[in-house]
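Bear in mind these aren't lab numbers, they're just calculated from the coordinates by the rules spelled out. Predicted model, so just to flag it, every value in this text is computed and none were measured. Glycine also receives a Cβ, built like all others from the backbone with ideal geometry; neighbour counts cover every protein chain displayed.
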Amino acid sequence: MSTTKGWSTELEGLRGFASLWVLLGHASLLVHCAIPIISLPSIGVDLFILLSGYLMAKNYIERQEKEPWTSANTVKKFWIRRFFRIAPLYYLLLIVAVINGPWFGEMRDTIAHFYPSTATATSRYSDQSLSNIFAHLSFTFGFLPKYGFNTVLPDWSIGLEMQFYLLFPFIMLLTLRLGYAATLISLMVLCALGRFALADYYQAFEMPSLILIKLHMFIAGMLLAEAVRRKNIGFVLLALIAPVFSAIIAIGVSKLQIIFEAAMIIGMAAVLWQYKPGALLAKVVYLPRAILTHRISTWLGDVSYSVYLLHLLIVVPAIAILLRDYHLDALSAPLRFAAICAVVLPITYGLATLLYRYVEKPGILLGKRVLAPRPAERDLVG
């Protein structure tokens, strides 16, 4: 397995395919072309969640000697790193989404005119209220049913991610006291109990932007990280409990999604496992690893966050314009899907490449500068 400190090349490829899955899924739904598996972008989001849980746990454990978990400075560094990884690009595209919200709403209504089954409440696109803007700038919108799904961006999962980052250092501290597996399984159980104790609150969310609804999938990724680190299949079996909790907690989750959650957990474990040379399973996963570590796959991974946040800003108006002005609806469903992909894929990935280079990477660098020791601190260390 190709590995570096805190990262695996296979993870980059998985992240790239997850973002492509979400893009294609939304495109297929909006052109009214049902494609098995592809037309379930929520499963692609679940893959992102698994990857996030895996990577956060892997990095935190690897840095434990240099950054002790009990240190307040460690928690501060973790939050600063994650903020500058997520916020710069998000804030930029949030500005675009809010300013142009009414227009995106019109585009969405145009699509619904041709395909009524795709209709959504487009008033949420045009909400330019200070309360909506503040909720998104502060990343508190994920806790609030009114604002959790209230822009054209697929940012409900960004709010979810930030809630996970907020809790993560404290979850890791709990593992020191209660044990890794016991802590994580107990948290899954608590979230499931919350589904009944706070039923109205859980059900108020149109999308699962509340961490209590999706924490079990982040935890599955954390359990996978420990399984790979210890080479302990028991942690994989514990991770497979997560789809069971999906059936209990998640609102409107399909049986197919539960099956795919389990399949993704098994697949991630198989691809990321460190096998002995010549082992049979190493030969079985050779091709998937080769695909995931190919330079195209790693490029897809590099731009995956930009693609994920950007794609609806491209997909929605492109489909609306092609339907309204170029009679896209006259084509068969497969041809409609092929036509929209031919238009949006190069635009989305071209812009995402620029955003990655000129927004994401500088944002990460800025975070590193914020964390860099000041001259006086360097002198003390020296």
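Assuming a viscosity of 1.306 mPa s and a temperature of 10 °C, what translational diffusion coefficient in µm² per second does Stokes-Einstein assign to the stretch 66-158, Rh being the Kirkwood radius over Cα pairs? Before the final figure, lay out the partial values.
On the way: Rh = 14.9 Å.
Approximately 106 µm²/s, per Stokes-Einstein.
Need one number for the stretch 242-382: average projected area of the convex hull over its C-alpha atoms, nm².
16.0 nm²
Using only Cα atoms, tell me the angle between helix 255-272 and the longest principal axis of the chain; keep it within 0 to 90° and round to the nearest 10.
50 degrees
Each label point is 7 Å from the Cα along the Cα-to-Cβ direction; what then is the distance between the points at Tyr326 and Leu198, in nm?
4.6 nm
Work out from phi, with θ = phi - 60° and the Karplus expression 6.51 cos²θ - 1.76 cosθ + 1.60, the ³J(HN,Hα) of each residue of the stretch 319-336, listed in order in whole Hz, and give x for Gly and Pro.
So the Karplus estimates, Gly and Pro as x, are 5, 4, 5, 5, 6, 6, 10, 10, 6, 4, 5, 6, 7, 5, 4, x, 6, 4 Hz.
From the phi angles alone, apply the Karplus equation (6.51, -1.76, 1.60; θ = phi - 60°) to the stretch 308-318 and give each ³J(HN,Hα) in whole Hz, x where the residue is Gly or Pro.
After applying 6.51 cos²θ - 1.76 cosθ + 1.60, I find 4, 6, 7, 4, 5, 5, 9, 5, 4, x, 4 Hz.
Hey, what angle do you get for helix 361-371 against the long axis of the chain, alpha-carbon based, 0 to 90 degrees rounded to 10?
In the chain, helix 361-371 runs at an angle near 40 degrees to the longest axis.
Looking at the stretch 227-304, which trypsin sites (Lys or Arg not before Pro) are in a loop (DSSP not H, G, I, E or B) and have at most 16 other Cβ atoms within 10 Å?
Of the trypsin sites (Lys or Arg not before Pro), the ones in loops of the stretch 227-304 whose Cβ has at most 16 other Cβ atoms within 10 Å are Lys231.
Calculate the radius of gyration of the Cα atoms of the stretch 122-245 to one decimal place, then report Dmax, the largest Cα-Cα distance, as a whole number, both in Å.
16.3, 51
Taking θ = phi - 60°, what integer Hz values does the Karplus form 6.51 cos²θ - 1.76 cosθ + 1.60 yield along the stretch 67-84, in sequence order, with x for Gly and Pro?
With coefficients 6.51, -1.76 and 1.60, one gets 10, x, 5, 7, 8, 4, 5, 5, 4, 4, 4, 4, 5, 5, 4, 5, 4, 6 Hz.
Nearest 20 debye, what's the magnitude of the dipole of the chain about its Cα centre given +1 on Lys and Arg Cβ and -1 on Asp and Glu Cβ?
Dipole magnitude for the chain comes out near 1220 debye.
To the nearest 500 deg cm²/dmol, what mean residue ellipticity at 222 nm is calculated for the chain from DSSP H runs of n ≥ 4 alone, each contributing -39,500 (n - 2.57), summed and divided by the residues?
Theoretical 222 nm ellipticity from helices: -23500 deg cm²/dmol.
With only alpha-carbon atoms in the gyration tensor, what are the semi-axes of the equivalent ellipsoid for the stretch 313-360, in Å, largest first? Kindly include the intermediate steps, with their values, before the conclusion.
Working: eigenvalues 134, 22, 7 Å².
The three semi-axes for the stretch 313-360 are 26, 11, 6 Å.
For the stretch 1-99, state which trypsin sites (Lys or Arg not before Pro) are in a DSSP loop and have at most 11 other beta carbons lying within 10 Å of their beta carbon.
For trypsin sites (Lys or Arg not before Pro) across the stretch 1-99 that sit outside H, G, I, E and B with at most 11 neighbouring Cβ atoms in 10 Å, the list reads Lys5, Lys66.
How many percent of the alpha carbon pairs in the stretch 175-328 exceed a separation of 19 Å?
Counting every Cα pair in the stretch 175-328, those more than 19 Å apart make up 67 percent.
Say the cut-off is 24 Å between C-alpha atoms; which of Lys214/Lys368; Lys283/Lys361; Lys255/Lys276; Lys214/Lys283; Lys77/Lys146; Lys231/Lys283 go over it?
Lys214/Lys368; Lys283/Lys361; Lys255/Lys276; Lys214/Lys283; Lys77/Lys146
Could you estimate the translational diffusion coefficient of the chain from the Stokes-Einstein equation, with Rh from the Kirkwood formula over C-alpha pairs, at 25 °C and 0.890 mPa s, in whole µm²/s?
112 µm²/s
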